[in-house]
1. Identify, by number, the condition in (1) away from chain A (no Cβ under 14 Å); (2) free of Cβ contacts under 8 Å to residues at least 24 places away in the same chain that residue B:145 doesn't meet.
2. Which residues, counting only those in the range B:257-272, are farther than 30 Å from residue B:130 by Cα and in contact with a helix residue (DSSP H, G or I) (Cβ under 8 Å, 6 or more places away or on another chain)?
3. Please find, among A:207, A:223, the residue that is over 22 Å from the mean Cα position of the chain (by Cα) and in a helix (DSSP H, G or I).
4. Given the criterion more than 22 Å from residue B:47 (Cα to Cα) and out of contact with any strand residue (DSSP E or B) (no Cβ under 6 Å at 6 or more places or on another chain), identify the matching residue among B:187, B:263, B:243.
5. Where in the range A:1-117 are there helices (runs of 4 or more DSSP H), lying fully within it, with 1 or more residues that are at pLDDT below 85?
6. Under the condition of being in contact (Cβ under 8 Å) with a residue 24 or more places away in the chain and within 14 Å of chain A (Cβ to nearest Cβ), which residue from the range B:315-341 is nearest to residue B:394 (Cα to Cα)?
7. Of all residues in the range B:350-365, which are under 20 Å from residue B:378 (Cα atoms) and either assigned by TED's automatic domain parsing to the domain that holds residue B:88 or part of a helix (DSSP H, G or I) (or both)?
8. Assuming residue A:155 fulfils every condition listed in (1) crowded, with 24+ Cβ neighbours inside 10 Å; (2) within 20 Å of residue A:4 (Cα to Cα) apart from one, which condition is it?
């Protein structure tokens, strides 16, 4: 799957500082993230899996998510309404569409809210993976509780993964900071302490916020998306 | 030489077990092909095949195939088909995209990157063909429903398509507007047109087809039995307009003094753009009068807008009716209201998936449920077949019998003759 290849670029980006290669420069990072999204969309479009109608839907979802982020720029803790549509889109339309929705939603909303910064490429991959994960869950277990669980797990995972990025800048905090050159076990232990102290509670708001949104708003939104999906599917006998 | 042909074509909308079209074999030649048949019988589905909306836009399941202007319907993208086939939809609201009429008519040509001079010539020719040159600089939002229909037709004609397909193009036009549309069609090589109101069209048709339960057969049966009128006894004053001036942007109507009574059915007729909808909206309280007073008796006002799609937002037809009943605190049963409009079989369907005629019936059921004190219906028979129109007449009769004051805006002469106690002509800013 092409989306897995695009994700590899993201994995490389996140692991870069931990491979002893120093911090990854910001502008090329954005180019990597943007390039991965554009390339993925282009390949999907060329393969006729992403037609004009899905592309229009993708644009609409990204725009709505950007508007949601304008309404609630800083959420309560890590809670943000933007993950809801990303989860739903991935769940209904599959991992690739979910990844594209997450990544473009973050990109568009960053442009709309002035949130463009060195964190953006990492957020794009992070949110893209949330959509991709929801898509994988949807392929296997297609039920509302499954999506709620996916929201819960991805709420924590998103925070954890993004911490990998900013933690690499946290030097000289003994026991909880990143010190290049330590054995992997010590690095992981230090990161675990850092995560529990700084992020666990913050991420819990996101995770349980996701669950709440999926359970409360999920049914009508998923039904609407399923209806669209039915329209996008043609069987020729 | 056939411009379009369908071979053994069957089609199912997504999730539907019953085919919308069943084993259709059809060749369409030059001239005017008239398509009739009951609402929900498959007329629109058949028409949508010709520009590929069925199946490419709607999805679902398809068997068989066909060609239009030498293009295969299953493999040609709709954007290519759109150059050969012009389509005028049931509701022109869905078709218009530009703010100004001229831009609207030029829109398709701009997308073909046509030279400016040629574009100007075509826009002019298309507008004059539908008798709409005077609309050229108007804003689309200020057009009446009928005027929008003419603009939609002009924008299709500007593309100079090989085949023009029209889905109930005259259903909301006044007689002059309908004549303008039909006149514009006379000069075209190939036209397929679906319509419930056949007067004047049958004589022009080179071929007549009926689509029923997804099957196409030759010929159209026209039987019309006039029904006896029941006399009514209107009661006290139900609504009153005193020196009212109104309009969406500046006064379209001025100095209007009118009174309506309980149990009285008032019909508003008159040309497109004359102010019928404005009068209804003012009466409904949706449009603030620019001058004067609007007085309504207490109780719920049921308002059916010209485009019923804006009204329907629940997941099923039944839920639409139940919502109204709940809001009005009525003890009426949804089942009864649904049955009255012949909607029992459609009660569980998603309203936006229905055919235009079915959607119209659903919207009427949703607004008239729960004994309204005042019922304002804008073009209620739009898209309706004779059977549905008969049901509507029965509903209006019942409402009036219960003391509801009914006001309807319509071009449907049969409806006016069948139900109206009083006919008012809204034209040129006045009401007579």
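1. Among (1) away from chain A (no Cβ under 14 Å); (2) free of Cβ contacts under 8 Å to residues at least 24 places away in the same chain, the lone unmet condition for residue B:145 is (2).
2. Passing the criteria: B:263, B:264, B:265.
3. Going through A:207, A:223 in turn, the sole match is A:223.
4. The match here is B:263.
5. So the answer is A:2-15, A:26-46, A:52-71, A:95-113.
6. Ranking the candidates gives B:316 first.
7. Once the filter is applied, which keeps residues that are under 20 Å from residue B:378 (Cα atoms) and either assigned by TED's automatic domain parsing to the domain that holds residue B:88 or part of a helix (DSSP H, G or I) (or both), the range B:350-365 yields B:351, B:352, B:356, B:357, B:358, B:359, B:360, B:361, B:362, B:363, B:364, B:365.
8. (2)
The values are calculated or read from the model by the stated rules, or taken from the named source; none is laboratory data. Keep in mind it's a predicted model, so treat the numbers as computed, not measured. No Cβ is skipped: glycine too gets one built from the backbone with ideal geometry, and neighbour counts run over all protein chains shown.
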